[in-house]
Amino acid sequence: SVAFARKDGGLGITRPTYTTLHAPAPWRDNAYDVAVDTRVETTFKQRANYYGTTAATIEAMHAAASLQRPTLNAQLSTFNSPHRSPESESGSISCSHLPTPNSKLPTPNSQFPTAIAVFFPSYAYAESVLRALENSGSVLRVALQPKLPDLAAQNAWVEESLALTDALFLVLGSSFAEGIDLLGGRVTHAMVVGPALPEVNAVQKARLETFSGLGREASFRRVYQIPGLQKVNQALGRLVRAPGQKAKVLLHCRRFADTSYSSLLAMEYQFYREISTESELRDWLAEKSS
């Protein structure tokens with residue numbers, strides 16, 4: 001949750017403050033492997049220049065998830081086995097119960113799917129990238145978040161999409177991105193396409209005017225940056241919901257490397273690698289999360 005307050009800065013100047021409240025969850029500290037993709041800019045004026053790059057990056061993310069998932073599948077299958085040894089009850093896997101060559105493991109897209117999650121700031125943006133994938137001849141099966149009214153229907157859609165598709169396109173700020181816990185431990189790779197700043201419209205301009213006394217930079221931060229990054233934090237929080245779960249996350253926009261944006265990320269996302277070339281992206285994706 002987020003709380004806003006105002007205090008005297010010591011010079012008779014009233015300044016805005018920003019406080020983020022977190023429930024204790026020390027097991028989240030090393031659960032995220034985060035990188036910032038500085039190759040692209042996702043502002044409204046520039047994003048169309050990078051639809052192809054975004055589409056290709058989604059393909060690369062899914063390929064990496066598919067390559068790394070078989071090992072995890074084997075580990076999870078052993079851990080969940082009713083015949084696991086007493087030692088495995090504490091979370092360690094006994095070598096005597098590792099799968100044999102004849103063991104039957106679940107198919108990749110059933111119990112342990114290989115679908116990735118891609119978070120967009122809007123439906124229009126998601127649809128544009130989906131068209132770019134189709135135009136490139138991609139064979140990825142993509143499920144675009146529908147507008148469903150109730151939680152039961154949303155959960156059913158997530159379950160079906162995890163089992164039958166390669167990528168879930170979700171909209172930041174929606175209940176799919178912020179209120180669904182089904183992704184935890186089941187989506188190992190995710191992308192956030194831009195910081196999800198609110199749309200520039202008459203309402204936001206009026207809010208900027210309200211905070212104009214704080215100065216241009218502070219009012220922009222209050223009206224646009226804080227709400228936008230809050231959506232990102234909430235969405236990424238759905239990927240790790242219990243000890244042992246991990247997620248490889250690509251923040252797909254150079255703005256995430258700007259201190260004014262990165263400082264608003266939750267602490268577990270602030271330790272990231274900057275990626276500026278395709279080869280750096282490949283190297284990062286090839287690394288297995290510790």
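The values are calculated or read from the model by the stated rules, or taken from the named source; none is laboratory data. Quantities reported herein were computed from a predicted structural model and do not represent experimental measurements. No Cβ is skipped: glycine too gets one built from the backbone with ideal geometry, and neighbour counts run over all protein chains shown. Only protein heavy atoms, including side chains, enter the accessible area calculation; ligands, DNA and RNA are left aside. Shrake-Rupley method; radii C 1.70, N 1.55, O 1.52, S 1.80 Å.
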Those GluC sites (Glu not before Pro) from segment 120-224 that are DSSP loop and have at most 12 other Cβ neighbours within 10 Å turn out to be 199
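Assuming 0.36 nm per residue, please report the length gained on full extension of the stretch residue 152 to residue 25 beyond their Cα-Cα distance.
43.0 nm
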Pseudo-spin-label distance residue 203 to residue 286, built 7 Å along Cα→Cβ, given in nm, is 4.7 nm
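Residue 241 to residue 273: extension gain in nm, 0.36 nm per residue of separation minus the Cα-Cα distance?
Here the segment from residue 241 to residue 273 would lengthen by 9.2 nm.
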Long-range amide H partners of residue 122, meaning residues 5 or more apart or on another chain whose placed amide H is closer than 5 Å, are 172
Among 205/248; 147/288; 205/246; 205/231, the pairs whose Cα-Cα distance exceeds 28 Å are 205/248; 147/288; 205/246
Note to self: with every protein chain in place and a 1.4 Å probe, segment 146-248 gives an accessible area per residue in Å² of 43 Å²
Whole-percent carbon and sulfur contribution to the accessible surface of segment 112-156 (1.4 Å, no ligands, DNA or RNA) stands at 57 percent
Sorting 253, 239, 229 by the position of each Cα along the dipole of segment 212-268 (Lys, Arg +1; Asp, Glu -1; all at Cβ), the one nearest the positive end of that ordering is 239
